[in-house]
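Single-structure report; data block below.
The values are calculated or read from the model by the stated rules, or taken from the named source; none is laboratory data. All values derive from a computational prediction rather than experimental measurement. Using ideal geometry, Cβ is built from the backbone for each residue, glycine included, and neighbour counts are taken over all protein chains shown.
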């Protein structure tokens, strides 16, 4: 389904420059945004780095916009964030609360409790290293599987860190994505986690029958809330559906009725003003073009989005000096820039046009909207997702 609109040029060089600037540090106008969204302890560097470098990856500009020594330095910094604790190993978001160099071993051991690895940053780090084409020789695979087990709760959900932090569909998705990339599900009680996801989609008629915590978060509307009995949101709906898609066979997926309910809810999120909103009766936001659009792709219904209307909304969110904002007239930030270009990679407005295709001079603007393919389940370009699945299991210890 698509409308025929005349789209302006997608400012790819400007968006790449915005990402490169933000890798060096956020400007004063951006510090008001929680661009990390999910970082533990307030250290945003890993998440901001992911949004910026992943944007370059989607745009096909990692090698041309980042020097080799810069990529090497970032790789080393990411590996420095891999830490091991008694509950397992994983990655942290940065060194904001890391013990200072030179302190005694006993003092460092006491402070380690305040500097744990977390699931979201572990997922983020694995994707970042895949974008940078690392060989994963240093990955503590067995210990990461232990971390997954330590974070799973009795109701099937996952805490951000062992024994603490939010336990909702975001962390459940990250746990499933990590296990999928590792090709090791030994650290996850999959049936218990799937029961949780299903409870997040429970209808009013089933509230009295809830017995387990992934599908418990599906609401009466059809979308998924952040936790049981909470309002449906585009981001957590994506997390639930993508986690179910990652689950190893033969675990069941949604029933036909719940599949239809989720599909209807997602379709209704594309507004008449072209973009997607994340909740019922809310304004359009560029990030929900990804959350809702990717969720539709996970369900196998990419044909139901109006690609050109969606692209037109994102075009209006472009900032004249580079970057993409949440809505027209707002300031850009790395988070919305990444979500926007990732969505466009799933739903290019001109799907028959591939990067590098020769086009007439009159179609230069049209050529700017060409993208390589994207894996909506893992949230990475198809090439990066393939690299992760090929190298993470084979080169870990």
Restricting the stretch 104-131 to residues that are in a loop (DSSP other than H, G, I, E, B) and either closer than 18 Å to residue 163 by Cα or in contact with a helix residue (DSSP H, G or I) (Cβ under 8 Å, 6 or more places away or on another chain) (or both), the residue that is modelled with the highest pLDDT = 117
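For (1) more than 21 Å from the chain's Cα centre (by Cα); (2) surrounded by fewer than 18 Cβ atoms within 10 Å (Cβ to Cβ); (3) not in a loop (DSSP other than H, G, I, E, B), each residue gets a yes or a no:
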site: 263; (1), (2), (3): no, no, yes
site: 272; (1), (2), (3): yes, yes, no
site: 282; (1), (2), (3): yes, yes, no
site: 289; (1), (2), (3): no, no, yes
site: 300; (1), (2), (3): no, yes, no
ask   = Taking the stretch 73-103 as the search range and keeping residues that are over 23 Å from the mean Cα position of the chain (by Cα) and more than 18 Å from residue 143 (Cα to Cα), which one is modelled with the highest pLDDT?
value = 73
request  = Check residue 36 against each of (1) more than 18 Å from the chain's Cα centre (by Cα); (2) modelled with pLDDT under 95; (3) surrounded by 24 or more Cβ atoms within 10 Å (Cβ to Cβ) and name the one condition it does not meet.
outcome  = (1)
Failed condition for residue 45, given (1) at pLDDT 95 or above; (2) within 18 Å of the chain's Cα centre (by Cα) = (1)
query = Within the stretch 132-157, which residues are crowded, with 24+ Cβ neighbours inside 10 Å and part of a helix (DSSP H, G or I)?
reply = 144, 147, 148, 151
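Yes or no, residue by residue, for (1) part of a loop (DSSP other than H, G, I, E, B); (2) at pLDDT 85 or above:
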position	(1), (2)
181	no, yes
186	yes, yes
191	no, yes
196	no, yes
202	yes, no
212	yes, no
